[in-house]
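Down below is the structure, laid out as structure tokens.
Every number in this text was worked out from the coordinates using simple rules, so none of it is lab data. In this text the structure is predicted, and so the values were computed from the model without any measurement. When we count neighbours, we look across all protein chains shown, and the Cβ atoms used for this are built from the backbone with ideal geometry, even at glycine.
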Amino acid sequence: MKCKSRILGSMLVTTAALAAAGAAQAQDKALKIYGFGAKSGVVGIFGQQSEAAMQAAANIINKAGGVTLGDGSKARLVIEYLDDRCNAEEGINALRRIASQNDSIVAIGPTCSNVAEPVFGILQKKVGDSSDSGIQFPIYTDVAAKGGLASISQWSFRNVPSEANMYKSIFDWVKTSRPELKTFWGGVEKDFAHSNATYGVMKKQAADNGLEVKGQSEWLLNDINFSNQVREMKRANADVVAISAHPFTTCGVLKEMARQNVKPKLLIGLTSSSSMETLQGCGAQAEGLVIPTSFAPVNDNAKSAAAAIQAINPKYNMDLHNAAAYENVFTLKDLIEKQKIMGRPDTLQADRQKMREALAGMTQTNGLLGAVGRTGDREAVKPYLFVQAKSGAWVVAHTPAQ
Amino acid sequence: MDLLDLIDLTQSVLDGVLFGATYSLIGIGFTLIFGVMHKINLAYAAASVGAAYLSLIVVSHVPVPVVYLVAALMGGVLGWLVYLICFRFLPLSNPLATLMSTVGMLLAIEELISHLTQGMPMNYPAMFQSANIEIGSFFIRGDLLFVFLIGCVAMVGLTQLLKRTRLGLATRAVAQQPVAAQLCGMGINSTNASTFVIAGLLGGTAGAMAGAAIGVLSPLLALPLTVKGLVVTVIGGLGSIPGAIVAGLIVGGAENLFQFIRGVSERDIYVMLLLFVFLVFRPGGLFSPPGGRD
Amino acid sequence: MDFYLGLAQVIGIHTLLGLSAWCVLHTGQVSLAQGGFFAIGAYVAGMLTSMWQWPLALALVTGAGIACVVAIAVGFPAMRVKGLMLVVATTAFAEIVRLVFFNLEWRIETSEGVVGPNGSLGFGGIRYFPSNGWSAFEVNALIWSLVGGVLLLLWWFDRSRVGTLWRAVGEDEIAAQSAGINLTATKVSAFGIGGAIAGLAGGVFAHYTTHVEHSNFGILLATFAIAYPILGGLASLAGTLFAVIFIQGFLLEGLRFLGEWRSLLFGALIVLVMLVRPDGFLSRALWPGRVGPRRQQTASPSVDDSDTARQEGSRHA
């Protein structure tokens, strides 16, 4: 009896203590930041990692006291992430669902470019145009990287790397550091918007930097037989081979190249392929592949970010895609405080307008690799470096001047 | 077209034909099930890819040929599961219901694979990867030749099974005259189940061979293999196994031929047109199956 | 509210798609080509309004019309084959349409900038609805009046001689032929009408998503198109609507709280529905004792092109 009452007593004391401590830290207010993207399906890992990155950032912010609202009170950040399964209609539904909530002032997403384009398309094109019935809701993209999408609407903003800049830089570097390389052959995944668009950039930058573009091999996203394409590659015998494709077909092509003994002097890849997937599928064949990326754990900020996401779930990694989501949460927190957002249902539309203006007014944001510039059409100019696949891991090959 | 192009063209077609062995295997599976039950099993290719994934569980513990064997066995198990879930309890007179239930199964398997592997492409072991035979300017991929041979062995094995064993007899009997077969004491359900298991064994092999030929497995494989398999089945003749074999090789070769001539963006248009040509001029397929059944 | 209106738009479009498949399934053919006609309607209507500023109604009708013409053109040779071969042939046709649009590049300079299909990069900028200030409610009104119109049309067909012809061909081709029914005309007419409805749906789809690309119109869409009437039951038109609400409303949107499990459950639930109700939701009375649909025997289209099975009397109710 005595034992029991002692235990009960200590439980009560502990609970009271926790409650007190909790009250000191927990705010009675919550401010939500929404996200949407592909959380299931073949590209499900992207959405899952974005959500984890957003949560990691929110945890850090909340631990430091949360976000300050317009009236001086503190609120903790809450993340809610919707799954669009990389499908245009579901993406539109997800955005409409988010926009119809009375606590949504901004959303981070989507993952897929084929979702981003229709989603941006249903937004109001020009602010203040009362004849335009598009949705008035600000979106700050983390992953969808097909070129030029943010220009579709004045409510759409992106924090994705500029492929034009990165590939210009990488081919500059090739020209100066490897002047003996003269010829170029490309490989492109034609039916995926992002790879197709980026290949155009790669080809142009290669030509602009004095490489002779001897041609390209093409294949489709689902292709399984690359013998024709690699044979063309072999015949061309180019010094530099650039592959603009996602991990599945990149691995298929690399394996075929190994089979047919095609060994270009330099292999360049697509930004999105600088992730674990490529190394998991064909680490051995990808040896030496150089890719420009906007994230690598090369400084303290980046390293602590990588650690933070592992704390959420050890199977998740930080890569260039969800690093943008991580950065976005911190940026939004700053903007919310600067704009004195109230976060109340009755200030909803005003808050959204304020968020949009704040996003439009940004000239610079904080990135994990350094300061991120902004362009006139709502895109980002992110610092980048080049990584190379070495023994099953990505190591930094070169940090170019920017 | 100069000599170099001609050599490339021949090489292309040769590669395609060897790769087509994988399509043949999938086509045989479809045609076998169709021939016996007169139903399409749209989940077949997905189950085959699933079997290959399951065989990855043992990949670091056993030599490569055993991995393929495990894939085949897993294929058989999955085949039986598909039969149980999608066919066993559905009325025979309603082919639409089984069509839909296999579609549901296809979606479920694809989704399960994506979920369990996080969508990451998985490295799949290949045999004879570096063994390439060079005949003059021609280059025959050793591993594709191996895939081709395994395919042939599987096909011969299947034909022997169908012709020489009691199970094969039962399968053919149920295919031709279900009621009479029942009167002779053959259990329809058990025979159908065994047909699915056999087709599944073949499918598991096909999945493993596709994985070996490409080098990586991905959930993206299921749908294109399904479509190619169906095309092969139709061109070969519904219910005809030799037809599926020949059609698979033809489709594989034609694919590469069209790709060589017209590039990858238009390749599939021509493959589909090839199908239409067959449908118009030879709707029964290459070989009408024996026994007077269509 | 806007969300529910948006969801209603999606349900409406998919209902039209399902109804287009219903027509074809009703005459005993399983066609996976509805996605192809959907694509044709989408691209044609989208191009007409964004590139040449046609009024919406005219663009939609033209899209539907062209889809109908293509359907009839494809219908004639397609009717030579039955069963599984038709499934594969229609799949092949839909793939060809998709690949044609994959390769289609036709951009022109307008007051809004350069618009037009850009090959594999897709076709964006179809901003007729937002630019002209259509609210979600108005778009819905359009979609649902189209759905209502099509339902009315099909219901009227069903009750008239056309419907009898379709059902006759659907249940037993040989008997129908013996009764003097022109098989080809019946099947092709159903195919053409189905194509027109799908083209109409596609036209509206392009406008409410503002951006279409070849990957929207793959095999999965065609499979959904036939899934709706099959899951809903071919005996009734309402069944298709019910199935669309079930899949789009319940499975896809309603189960969001399940997170990642939603996609996994999707396929499993379809299998479950087929196991429990092989003839479709509304094919039998939902509860025993209540008034059920008029017909007991549903015309199950045959993917089995063997005649002997039919002779064996394996068509049990």
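What to note about this one:
- Point-charge dipole on Cβ atoms (K/R +1, D/E -1) for the stretch C:2-216, about Cα centre, debye to 20: 440
- A crude spin-label estimate for the pair residue A:391 and residue C:164, with each label 7 Å from Cα along the Cβ direction, gives 8.3 nm.
- Close amide-amide hydrogen proximity is noted between residue A:135 and A:123, A:124, each under 5 Å apart and 5 or more residues distant or on a separate chain (H modeled in the peptide plane; Pro and chain starts excluded).
- Inter-chain Cβ neighbour count for A:244-256, averaged per residue, equals 4 (cutoff 10 Å, partner chain atoms only).
- Once exposed loop GluC sites (Glu not before Pro) are cut out (DSSP; at most 14 other Cβ, 10 Å), longest piece of chain C: C:113-311
- For the stretch A:294-311, 3J(HN,Hα) per residue [Karplus equation, 6.51 cos²θ - 1.76 cosθ + 1.60, θ = phi - 60°, Hz, x = Gly/Pro]: 9, 8, 7, x, 9, 9, 4, 4, 5, 5, 5, 5, 4, 5, 4, 6, 5, 5
- Quotient of C-alpha Rg and 2.2 N^0.38 Å, computed over the stretch C:2-216: 1.06
- Those lysines that a straight Cα-Cα span of less than 26 Å connects to residue B:163, excepting residues fewer than 8 apart in one chain: B:39
- Proximal aspartates and glutamates to residue A:175, defined as alpha-carbon separation beneath 20 angstrom and excluding residues fewer than eight positions away on the same chain: A:163, A:208, A:212, A:239
- Computing FRET efficiency as 1/(1 + (r/R0)^6) for residue A:357 and residue A:64, where r is the C-beta to C-beta distance and R0 is 35 Å, gives about 0.85.
- Whole-number Å³ per residue for the convex hull built on Cα positions in chain B: 138
- For chain A, the antiparallel share of DSSP beta bridges with both residues in that region comes to about 35%.
- Exposure proxy for A:386, A:36: other Cβ atoms within 10 Å of each Cβ, ordered fewest to most, give A:386, A:36.
- A crude spin-label estimate for the pair residue A:334 and residue A:366, with each label 7 Å from Cα along the Cβ direction, gives 0.7 nm.
- In the protein assembly as shown, the DSSP beta bridges split such that about 45 percent are antiparallel, to the nearest 5.
- Averaging the sequence gap over all C-alpha pairs within less than 8 Å and six or more residues apart, then dividing by the number of residues, gives chain B a relative contact order of 37 percent.
- Long pairs among A:29/A:333; A:146/A:390; A:168/A:390; A:303/A:382; A:182/A:390, criterion Cα-Cα beyond 21 Å: A:146/A:390; A:168/A:390; A:182/A:390
- Cα-Cα separations in the protein assembly as shown greater than 57 Å, expressed as whole percent: 13
- Approximate spin-label separation residue B:273-residue A:80, in nm, with each point projected 7 Å along Cα-to-Cβ: 5.3
- Panel order for A:46, C:102, by other beta carbons found within 10 Å of each beta carbon, from fewest to most: C:102, A:46.
- Sites residue A:310 and residue B:84, calculated FRET efficiency, Cβ-Cβ separation with R0 45 Å, nearest 0.05: 0.60
- Annotation: the residues B:110, B:266, sorted from fewest to most other C-beta atoms within 10 Å of their own C-beta, follow the order B:266, B:110.
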